[in-house]
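The values are calculated or read from the model by the stated rules, or taken from the named source; none is laboratory data. Please read these numbers as outputs of a predicted model, since none were measured by experiment. Because the Cβ atoms are built from the backbone with ideal geometry, glycine has one as well, and the counts that use them run over all protein chains shown.
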Amino acid sequence: MKRWVYILIITLTMILVGIFLLFSTNESQLEERIIKMAVPTMSASAPLFILSDFNLMEKYLPNSKLELTVIESGNAMNEAMIANQIDGMITGLTNFLIGAYRNVPYKIFTSLSYGRSSIQTNDLTIKSILDVREHHLIGINGLTGTLALLLSFTAEKYFGSFDAFNNQIVIMRTDDITLALVNNAGISLAFSDITSRVVQNEFGNPTIFEDTELFDGNIITHYIIFNETFHNNNIELINAFYLALSEAVDLISNKDDDALEVISRNFRIEKSTFIEFLDKNFLVFELDNFDSIDILTDMAIKMKLIPVRKSLNEMIFK
């Protein structure tokens, strides 16, 4: 066989191998550039929905993207993290503290949001928190969540003990709390997030207490958490995520109409209502603020949700 035929065969073979390696590399890179994030359908998740819908990560790292999975339960998120079904999540601090104590392999990446919480009533003789008596039952959505912590702070400040309301608590689903409050069915009070509060106010259930009476400034309650191994092995991808997240928060702060449309569509809230929440500081999105962690951790220990505290260095990515 002539020499030029050998050269042609070798050249074609090298080209085919190169094409194969190129496609294999691109496919591998594409898989590595996906972040799987669990989110609840609540206002705290708004920046993540904007980030995903606008594919903002692509701007900062080609072929990267965020995939969202809606999971409402903190326990279910922790289980998904342990099973490597997700890379990260948005969760309340108490869920993270409980998971971290039980060695769920994650850490806090950044703070995310504060949402105004309040106590509502259907008993018009209750004008303030000091009018609450032992026979007044209080609807709340769980004993280990953010609202449970805030109720304990309230009890401690105004009634001398963090567990002063324990015998008055009725655990109910969020939607059922509103129905019970509106229909005077079994509860006199509800500790509610800002979205439920709006509905309850519209049905004539006044606000008698806000969480701003408990602290100097807003308490950041929701954080973005990442699996430790995923975070440490994907720094470039994580950096792109952070830049995209910052842009999404800026779009919310600037009340970008397209961003508000994403929020309205996913959370079934009017744009004007969401803008009002922002203007009145009922909702605040803030990254890299870890000042609230110690305050909330102290109460979690009092409530025996966790027995001991970890240092911030153990809980937060450097």
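Can you tell me which residue is farthest from residue 255 (Cα to Cα) among those in segment 277-299 that are in contact with a Leu (Cβ under 7 Å, 6 or more places away or on another chain) and in a helix (DSSP H, G or I)?
299
I'm trying to understand the selection: among the residues of segment 233-276, which are assigned to a loop (DSSP other than H, G, I, E, B), crowded, with 16+ Cβ neighbours inside 10 Å and either within 19 Å of the chain's Cα centre (by Cα) or not assigned by TED's automatic domain parsing to the domain that holds residue 299 (or both)?
269
Mind checking whether some residue in segment 236-244 is without any contact (Cβ under 8 Å) to a residue 24 or more places away in the chain, of a type outside the set (A, V, I, L, M) and within 27 Å of residue 33 (Cβ to Cβ)?
Scanning segment 236-244, I find no residue that is without any contact (Cβ under 8 Å) to a residue 24 or more places away in the chain, of a type outside the set (A, V, I, L, M) and within 27 Å of residue 33 (Cβ to Cβ), so the answer is no.
State which residue is farthest from the chain's Cα centre (by Cα) when the search covers only segment 300-314 and only residues that are assigned to a helix (DSSP H, G or I) and at pLDDT 95 or above.
302
Is it the case that some residue within segment 216-232 is of a type in the set (A, V, I, L, M, F, W, C) and in a helix (DSSP H, G or I)?
Yes; the residues of segment 216-232 include at least one that is of a type in the set (A, V, I, L, M, F, W, C) and in a helix (DSSP H, G or I).
For the structure I just gave you, tell me whether residue 90 is farther than 24 Å from residue 256 by Cβ, in contact (Cβ under 8 Å) with a residue 60 or more places away in the chain and in contact with a Ser or Thr (Cβ under 9 Å, 6 or more places away or on another chain).
Criteria not met by residue 90.
Between 272, 264, which is farther than 16 Å from residue 52 by Cβ and of a type in the set (Ser, Thr, Tyr)?
The unique qualifying residue is 272.
Just the residues that are surrounded by fewer than 17 Cβ atoms within 10 Å (Cβ to Cβ) and within 26 Å of the chain's Cα centre (by Cα), please, taken from segment 167-192.
Result: 170, 171, 173, 175, 176, 179.
Restricting to strands (runs of 3 or more DSSP E) lying wholly in segment 161-213: which have 1 or more residues that are of a type in the set (S, T, N, Q) and more than 24 Å from residue 301 (Cα to Cα)?
Result: 207-210.
Can you tell me which residue in segment 9-44 is farthest from residue 197 (Cα to Cα), limited to those that are buried (at least 18 other Cβ atoms within 10 Å of the Cβ) and modelled with pLDDT under 95?
Per the criteria, the residue is 33.
Yes or no, residue by residue, for (1) touching a strand residue (DSSP E or B) at 6+ places or on another chain (Cβ under 8 Å); (2) modelled with pLDDT under 95; (3) assigned by TED's automatic domain parsing to the domain that holds residue 201; (4) within 24 Å of residue 210 (Cα to Cα):
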{"site": "60", "(1), (2), (3), (4)": "no, no, no, no"}
{"site": "100", "(1), (2), (3), (4)": "yes, yes, no, no"}
{"site": "121", "(1), (2), (3), (4)": "yes, no, yes, yes"}
{"site": "129", "(1), (2), (3), (4)": "yes, no, yes, yes"}
{"site": "142", "(1), (2), (3), (4)": "yes, yes, yes, yes"}
{"site": "146", "(1), (2), (3), (4)": "yes, yes, yes, yes"}
